[in-house]
Every structure is written in structure tokens, then in C-alpha cells.
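Q: Have a look at this one.
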Amino acid sequence: MNKTDFELSGLVVPVPTPFAESGAIDFGAFLAHLDWLAECGVRNLLVNGTTGEFFSLTPKEQMQLLQVARENWDGMIIAHTGSPVLFQALETAHAAEEIGADFLVSLPPFYFAGAPGSGLVRWFNELAESTELPLILYNFPKHTGNPMTPEILSQIPHYGLKDSSADLSLIPATPRYFVGGDCKISVAYAAGAKGFVSASANIDPLPYIRIEQEQTPENQSAVDAVNARTNGLFAIARIKQALSEIIPGYPSHVRPPLAPNK
């Protein structure tokens, strides 16, 4: 299938990875959450993203989660392939394509902050050329130290941009813009965004589905109220705690360096 045959829009939910008390992945809880999201009307998942604690997962675990998701999810799946090691990113992208992901999304290489733009362009171009899947670039300079700029974006063939910095000035610099800040969903749509990625939607997708359908002040206020329940330093732990109160048996554990919600 050609890359141009794919289309992605609206709400994307970056799913968390549930861990048992032992630290092992709880695949039963993972599937229970996916079933609940589908019942709520969610169509698009992001697996192994920041909310999924990819930074605490081994490459094998990441592929296990992706495999289980693909076998049990009828909608779109976006697989995160980001790594500070280009060859690991290439390997992950190939494995994700084999498993049946619909899209790839990748952070810039991290740890080496302030990397030269030419190096970032080469890194992403090699990734883009390695796969037939549409590639979404992932801007999260708070964690990578390597912001995506219009100049960099113009030199990389890509499907769209997932922007956790919520820098709306980047909308004209990418074919499809997906905002990562809940409070800016309505204003991003008004400026030309294609959709949005929301971790908070894991605990109550309905306001997010409504704002996808109609960007009104009332819908934005409802989204803001859900987001207020999870944002902050312990956001991932808060999401898991909320899910433990919604889905019977869902564990609230996180892996270090994260800590339980206080």
C-alpha cells in the first residue's frame, strides 16, 4: 500500500502500559483498556509513546505490546520508534511495519541536546527511507533538547507532525499538524490542525470525541476539566490511578524513574 493511501485525523490516544506489582506488563489490563476505548468510540491509538513509558520498556517489550495491540485493535495504530540510536530506530520501524502498524511516529534522537540541524535531517531521512509506512515526526523539545524547526521539517519527507510543544507556528511547516496540548485543541483546529494527541483522553474519551466533531467553547471547557485531573509531574501515574477506578483490576503501578501519584 502506498503511503498516500493512509489518512489520519481527529483524536489519537497514546495508551499507557499497565504493569503488575512485579513490574511485568499486564497484557490483560492492556486489552481491557483497549476494549473500553473502542466502546467509547476511539479509533486511533499511539503505542509505545511517552504515556506508554517507552523509555522504561525494552525493545522486545515494545514489540510485544504492538503485536498484542495489532491483533486486538481494528482501528489505526501509530507505533512510536524513537531512540537515541538510529540503527535501533530503523530496526524498530522495520519490526513495526512487519507487525502491521499503520503509521510510525518518532522523536528526534535524544540525550545529545542541540544536535546540528543537518544531523537531525540525515537521521530522519534515513528513517523515512527505510519504511513504506507514513512517518509522523514528534516534536518534544522539553525531553529531547532537539526542537523541530520549519527549516528542518522542510528537508524531511513526512506525513505530519505530532507537536507536544503545542507551537502552533509550526502548522504551516508540516503537511498535517497534530497538537499535543489539550488546552489548545480548539485554537489549533482553527489554525489548520488535522487532529490532536491526548493522554488525558485515556480516562474519559467522550469530551475529546465531541471536540473532534465540533470545536466549541463548551467542548473545550469539558476537555480542560478532564485534563486538569491528570496533568503535572505525576501525569502518567494519575492516568493509571484513574483507570484503576474505571477498569476492574487495572494496576496503577509505574516503573522507575516514575513514582506513584501523591
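Where a number appears in this text, it was derived from the coordinates with a stated rule and is not lab data. Everything quoted here is computed from the prediction, not taken from an experiment. Note that each Cβ is placed from the backbone with ideal geometry, even for glycine, and that neighbours are counted across all protein chains shown.
Q: Inspect all residues belonging to the stretch 160-172 and state whether any of them is over 20 Å from the mean Cα position of the chain (by Cα) and farther than 20 Å from Pro109 by Cα.
A: Kept after step one, since they are over 20 Å from the mean Cα position of the chain (by Cα), are these residues of the stretch 160-172: 169, 172.
Narrowing the set further to residues that are farther than 20 Å from Pro109 by Cα leaves 169, 172.
Within the stretch 160-172 (the criterion being over 20 Å from the mean Cα position of the chain (by Cα) and farther than 20 Å from Pro109 by Cα), the answer is yes, since at least one residue qualifies.
Q: Looking at Ala101, Ala166 in this structure, which one is outside any strand (DSSP E or B), in contact with a Lys or Arg (Cβ under 8 Å, 6 or more places away or on another chain), of a type in the set (A, V, I, L, M) and under 26 Å from Val223 (Cβ atoms)? Lay out the reasoning, then the answer.
A: Numbers: Ala101 fails: under 26 Å from Val223 (Cβ atoms).
None of the other options fit; the residue is Ala166.
Q: How many of the residues in the stretch 184-211 are under 22 Å from Leu243 (Cβ atoms) and more than 17 Å from the chain's Cα centre (by Cα)? Step through it out loud before you land on a result.
A: Of the stretch 184-211, the ones under 22 Å from Leu243 (Cβ atoms) are 185, 196-211.
Checking the rest, the ones that are also more than 17 Å from the chain's Cα centre (by Cα) come to 206-207, 210-211.
Selection size over the stretch 184-211: 4.
Q: What tally of residues in the stretch 50-66 results from selecting those that are out of contact with any Leu (no Cβ under 9 Å at 6 or more places or on another chain), surrounded by fewer than 20 Cβ atoms within 10 Å (Cβ to Cβ), in contact (Cβ under 8 Å) with a residue 12 or more places away in the chain and in a loop (DSSP other than H, G, I, E, B)?
A: Residues that pass the stated criteria total 0.
Q: Something else now. Return the total of residues in the stretch 234-250 being out of contact with any Phe, Trp or Tyr (no Cβ under 6 Å at 6 or more places or on another chain), closer than 15 Å to Ala199 by Cα and aliphatic (A, V, I, L, M).
A: 5
Q: Then there is this: Take the conditions surrounded by fewer than 18 Cβ atoms within 10 Å (Cβ to Cβ), under 19 Å from Asp163 (Cβ atoms) and not acidic (Asp, Glu) and apply them to Ser22. Does it pass? So that I can check it myself, show each step before the final result.
A: On the way: surrounded by fewer than 18 Cβ atoms within 10 Å (Cβ to Cβ): yes; under 19 Å from Asp163 (Cβ atoms): no; not acidic (Asp, Glu): yes.
Here the answer is no, as Ser22 does not meet what is asked.
Q: Between Ser198, Ser221, Ser164, Ser186, which is hydroxyl-bearing (Ser, Thr, Tyr) and either over 23 Å from Glu7 (Cα atoms) or surrounded by fewer than 19 Cβ atoms within 10 Å (Cβ to Cβ) (or both)?
A: Working: Ser198 fails: either over 23 Å from Glu7 (Cα atoms) or surrounded by fewer than 19 Cβ atoms within 10 Å (Cβ to Cβ) (or both); Ser164 fails: either over 23 Å from Glu7 (Cα atoms) or surrounded by fewer than 19 Cβ atoms within 10 Å (Cβ to Cβ) (or both); Ser186 fails: either over 23 Å from Glu7 (Cα atoms) or surrounded by fewer than 19 Cβ atoms within 10 Å (Cβ to Cβ) (or both).
Being hydroxyl-bearing (Ser, Thr, Tyr) and either over 23 Å from Glu7 (Cα atoms) or surrounded by fewer than 19 Cβ atoms within 10 Å (Cβ to Cβ) (or both) holds for just one of Ser198, Ser221, Ser164, Ser186, which is Ser221.
Q: I'd like to verify a number: residues in the stretch 232-262 that are under 21 Å from Pro207 (Cβ atoms), crowded, with 17+ Cβ neighbours inside 10 Å and of a type outside the set (Ser, Thr, Tyr), how many?
A: Narrowing the stretch 232-262 to residues under 21 Å from Pro207 (Cβ atoms): 232, 235-236, 238-247, 250.
Right, trim to crowded, with 17+ Cβ neighbours inside 10 Å and you get 235-236, 238-243, 250.
Filter once more, so that each one left must be of a type outside the set (Ser, Thr, Tyr): 235-236, 238-243.
Here the count works out to 8.
Q: Next up: For the stretch 183-241, which helices (runs of 4 or more DSSP H) that fit wholly inside it have 2 or more residues that are touching a residue at least 40 places away in the same chain (Cβ under 8 Å) and out of contact with any Lys or Arg (no Cβ under 9 Å at 6 or more places or on another chain)?
A: Working: elements: 185-190, 206-213, 217-228.
Qualifying helices (runs of 4 or more DSSP H): 206-213, 217-228.
Q: Sticking with this one: Given the conditions (1) touching a strand residue (DSSP E or B) at 6+ places or on another chain (Cβ under 7 Å); (2) on the phi > 0 side of the Ramachandran plot, which single one is not true for Leu65?
A: Every listed condition holds for Leu65 apart from (2).
Q: Looking at Ala32, Ala38, Ala69, which is the one that is buried (at least 21 other Cβ atoms within 10 Å of the Cβ) and not in a loop (DSSP other than H, G, I, E, B)?
A: Exactly one of Ala32, Ala38, Ala69 is buried (at least 21 other Cβ atoms within 10 Å of the Cβ) and not in a loop (DSSP other than H, G, I, E, B), namely Ala69.
Q: Quick check on the stretch 83-140: of everything there that is of a type in the set (Ser, Thr, Tyr) and under 14 Å from the mean Cα position of the chain (by Cα), which residue is surrounded by the fewest Cβ atoms within 10 Å (Cβ to Cβ)? Give the steps one after another, and end with the answer.
A: In the first step, residues of the stretch 83-140 are kept if they are of a type in the set (Ser, Thr, Tyr); the result is 83, 92, 106, 111, 118, 130-131, 138.
The next check asks that each one be under 14 Å from the mean Cα position of the chain (by Cα); those that pass are 106, 138.
Details: Ser106: 23, Tyr138: 27.
Only one residue tops the list, namely Ser106.
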